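> Just dropping this structure here.
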Amino acid sequence: MANTASKKALRHGGVTVALTVLVVLAIILLNASVTALAMRYGWFVNMNPTLLYPVTDTCFDYLDAYVIPDATEDIRIIFCDEEENIRKDVTQSYVLNTAEELAAHYPDTVTIEYLNVWENPKTARAWGVKASTSVVVASGDAHRVCTLRDFFLFPVGDTANPVAYTGEKRFAVAMKAVVSPDAPVAYFTMNHGEAMEDYSLLYAVTDAGYMVNYLDALNFDIPEDCGLLVSYNPARDFATVDGVSGVSEIDKLDAYLQKGGKFMCFVSADTFAAGGFAHLEGYLSEWGVTFEHEPGAEGVEECFSIRDTAHSLTTDGYTLVGSIPSAGQGSEIMADLNGTLRIANATAITVAEGFSAANGDYVNGSRTLTPLLRSHAGAEAWAGGRPVDRTAEGYNLVTLTRDASTNASVLVCSSTAFATEATLQSGVYDNGPFLLTAMEAMGKEEVPISLKGQPFSDDTIHILTTAMARNITIALVAVPVFVVTVIGLIVLVRRKFA
């Protein structure tokens, strides 16, 4: 009897294996056949069927409010090649479609022209055009040249595969610039060893409506047309009158701010490793900003580096996901931002003595310091390769101090990586809108904050924090094991009592 049952089980098992093999072979054969036919006859489904990004009402509202009323002459959109070449090129056709929508919406103001710059080299030189893929926006004697790359957002190091289209924003910014040729100038300091990884911060400042120039504040005064002064990643301190220098950059900066100036300063945990910054730090403390130092392993004073393994985009914990404050003016200023804010290699901003807490802000006389970005609760401060501090509330990472009596503003960002291509041009993070919003809060009007890129695809997988990735990994491992175990137990029990 037992032998018969054994043969029956073996026979059933053999049939099961044979059926499994046949099903697998059938699937492989079907897949190979469909693939061959698809390659032969072009059986493909376009997962992005329209490939069109119409101009939004938000863009039209911006143009209606800030551009069209100031246009005393036609706004000309000039493509630097023959029309048929523009239409045949898929990438350039995106830009042309946007231009045609703008021209159709404003037929009395916006016109489209085509000019072969290779046949008209004199015109190309006058405009500064270097490629037939460029687009010129002109009105009267003013013009702006946009490269094809300006209309798209790309992953870092990749100029061939865009992740988002920013055509309406690029046109809106260029059109605003040519109808307002007397735009304020943003000056970037250049005599302290400043070094930028790329030009993304300059592009963001341009998007806000500034012209861009450079300033050697040691040898020249801050110009009268300076609407914004930016110091990005200085490697040396600002000069004061002493035995070495008879010129004080600090005095120049103070005089500029006393007249209602705007100052942005980007530093990082590495900035202060370059040497002493007693003058700059001392002056910023008057605006409520100080930086914590701690003796490292060799007794050298080092600035805090903020680490948070639970809210990090990298395994080392130093590339953080920032948090908008839940109280104070910062929560109101940044209320419309709901995306991810990436901030790496950041130091901590501590509120200076003399500033008293007031409903999420800090006040000292006419000056109010407002945290705009903080770390999450539980973040640690490291110095010299060891943890030196921890806070339950989180650390200040970006602050804005405004003086009600002079209308001056000082923004301090504790991370230079916050304003690089990896964050401002990725199409994934909200760092760009954050900076535009901050510049508007500093007093810059007509900032196109609401004009954002239109993504080609969903890139949310790139903004998983370490903790989220760990939880997903655990779930993907544990759930299948649990399901298989339960099914196995059910089968065993049913076989036993069958």
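The values are calculated or read from the model by the stated rules, or taken from the named source; none is laboratory data. The model shown is predicted, which means the values in this text are computed figures rather than measured ones. Cβ atoms come from the backbone with ideal geometry, glycine included; neighbour counts cover every protein chain shown. All accessible areas refer to the heavy atoms of the entire protein, side chains included, with ligands and DNA or RNA removed. Shrake-Rupley method; radii C 1.70, N 1.55, O 1.52, S 1.80 Å.
> Could you tell me how many of the residues in region 315-350 are aliphatic (A, V, I, L, M) and not in a loop (DSSP other than H, G, I, E, B)? Walk me through it before giving the result.
Here is the first cut: in region 315-350, the ones aliphatic (A, V, I, L, M) are 320-321, 324, 327, 333-335, 337, 341, 343-344, 346, 348-349.
With not in a loop (DSSP other than H, G, I, E, B) added as a condition, the list becomes 320-321, 333, 343-344, 349.
Matching residues across region 315-350 total 6.
> Then there is this: Since N116 meets every condition but one in (1) farther than 27 Å from E446 by Cβ; (2) open to solvent by 20 Å² or more (accessible area, probe 1.4 Å); (3) not in a loop (DSSP other than H, G, I, E, B), which condition does it not meet?
Only one criterion in (1) farther than 27 Å from E446 by Cβ; (2) open to solvent by 20 Å² or more (accessible area, probe 1.4 Å); (3) not in a loop (DSSP other than H, G, I, E, B) is unmet by N116, namely (3).
> Could I ask something else about it? Give me a count of the residues in region 78-100 that are part of a helix (DSSP H, G or I), of a type in the set (A, V, I, L, M) and either open to solvent by less than 60 Å² (accessible area, probe 1.4 Å) or closer than 21 Å to A142 by Cα (or both). Spell out how you get there, then give the answer.
Let us first name the residues in region 78-100 that are part of a helix (DSSP H, G or I), namely 83-88, 90-100.
In the following step, the residues that additionally are of a type in the set (A, V, I, L, M) were identified as 86, 90, 95-96, 99.
Subsequent filtering for residues that are either open to solvent by less than 60 Å² (accessible area, probe 1.4 Å) or closer than 21 Å to A142 by Cα (or both) retains 86, 95-96, 99.
Final tally of qualifying residues: 4.
> Is there any pair linking a residue in region 307-336 that is farther than 20 Å from A379 by Cα to one that is part of a loop (DSSP other than H, G, I, E, B) and modelled with pLDDT under 90, with Cβ under 9 Å and at least six apart or on different chains, and which?
D336/I449; D336/S450
> Does Y203 satisfy being within 30 Å of T109 (Cα to Cα), surrounded by 21 or more Cβ atoms within 10 Å (Cβ to Cβ) and of a type in the set (S, T, Y)? First the steps, then the outcome.
Numbers: within 30 Å of T109 (Cα to Cα): yes; surrounded by 21 or more Cβ atoms within 10 Å (Cβ to Cβ): no; of a type in the set (S, T, Y): yes.
In short, no.
> OK, next. Considering each residue of region 216-252, count those that are hydrophobic (A, V, I, L, M, F, W, C), outside any loop (DSSP other than H, G, I, E, B) and open to solvent by 50 Å² or more (accessible area, probe 1.4 Å), and give that number. Let's see the steps before the verdict.
Our first condition is that a residue be hydrophobic (A, V, I, L, M, F, W, C); within region 216-252, this holds for 217-218, 220, 222, 226, 228-230, 235, 238-239, 241, 244, 247, 250.
Remaining after also requiring outside any loop (DSSP other than H, G, I, E, B): 226, 228-230, 250.
Still in the running and open to solvent by 50 Å² or more (accessible area, probe 1.4 Å): none.
Residues flagged as hydrophobic (A, V, I, L, M, F, W, C), outside any loop (DSSP other than H, G, I, E, B) and open to solvent by 50 Å² or more (accessible area, probe 1.4 Å) within region 216-252 amount to 0.
> Just a yes or no: is a residue in region 172-188 closer than 30 Å to Y106 by Cβ, modelled with pLDDT of 90 or more and of a type in the set (S, T, Y)?
no
> Determine if region 318-330 includes at least one residue that is at pLDDT below 90 and open to solvent by 40 Å² or more (accessible area, probe 1.4 Å).
Of region 318-330, the ones at pLDDT below 90 are none.
Checked region 318-330: no residue is at pLDDT below 90 and open to solvent by 40 Å² or more (accessible area, probe 1.4 Å).
> Tell me which residues, restricted to region 75-114, are farther than 23 Å from T56 by Cα and in contact with an Asp or Glu (Cβ under 8 Å, 6 or more places away or on another chain).
Hit for region 75-114 is Y114, nothing else.
> Quick check, is D64 in a helix (DSSP H, G or I), charged (D, E, K, R) and open to solvent by 70 Å² or more (accessible area, probe 1.4 Å)? Break it down stepwise before answering.
Details: in a helix (DSSP H, G or I): yes; charged (D, E, K, R): yes; open to solvent by 70 Å² or more (accessible area, probe 1.4 Å): yes.
For D64, the condition - in a helix (DSSP H, G or I), charged (D, E, K, R) and open to solvent by 70 Å² or more (accessible area, probe 1.4 Å) - is met.
> Please enumerate the residues belonging to region 25-61 that are modelled with pLDDT under 70, open to solvent by 60 Å² or more (accessible area, probe 1.4 Å) and either within 14 Å of K176 (Cβ to Cβ) or not in a helix (DSSP H, G or I) (or both).
Matches in region 25-61: W43, F44, V45, N46, M47, P49, T50, L51, L52.
> In addition: Is there a residue being more than 27 Å from S405 (Cα to Cα), at pLDDT below 90 and either open to solvent by less than 60 Å² (accessible area, probe 1.4 Å) or of a type in the set (S, T, Y) (or both) anywhere in region 277-286?
Quick first cut of region 277-286, residues more than 27 Å from S405 (Cα to Cα) only: 277.
If we keep only those that are at pLDDT below 90 too, we end up with 277.
Retained after the next criterion (residues that are either open to solvent by less than 60 Å² (accessible area, probe 1.4 Å) or of a type in the set (S, T, Y) (or both)): 277.
For region 277-286, residues more than 27 Å from S405 (Cα to Cα), at pLDDT below 90 and either open to solvent by less than 60 Å² (accessible area, probe 1.4 Å) or of a type in the set (S, T, Y) (or both): present.
> Here's another thing I want to ask about it. Could you grab me the full set of residues in region 359-374 that are modelled with pLDDT of 95 or more and out of contact with any helix residue (DSSP H, G or I) (no Cβ under 7 Å at 6 or more places or on another chain)?
If we filter region 359-374 for residues that are modelled with pLDDT of 95 or more, which is where we start, we get 361-374.
Matches in region 359-374: Y362, V363, N364, G365, S366, R367, T368, L369, L373, R374.
> Still on this structure, please answer the following. Which condition does G339 not pass, out of (1) open to solvent by 50 Å² or more (accessible area, probe 1.4 Å); (2) at pLDDT below 90; (3) touching an Asp or Glu at 6+ places or on another chain (Cβ under 6 Å), if it passes all the others?
So the condition that G339 fails would be (1).
> The conditions are (1) surrounded by fewer than 20 Cβ atoms within 10 Å (Cβ to Cβ); (2) modelled with pLDDT under 90, and N213 fails exactly one of them. Which is it?
Here N213 clears every test but (2).
> Then there is this: Need a quick list: strands (runs of 3 or more DSSP E) entirely within region 126-214 having at least 1 residues that are in contact (Cβ under 8 Å) with a residue 40 or more places away in the chain.
On the way: elements: 135-139, 142-146, 185-189.
It comes to 135-139, 185-189.
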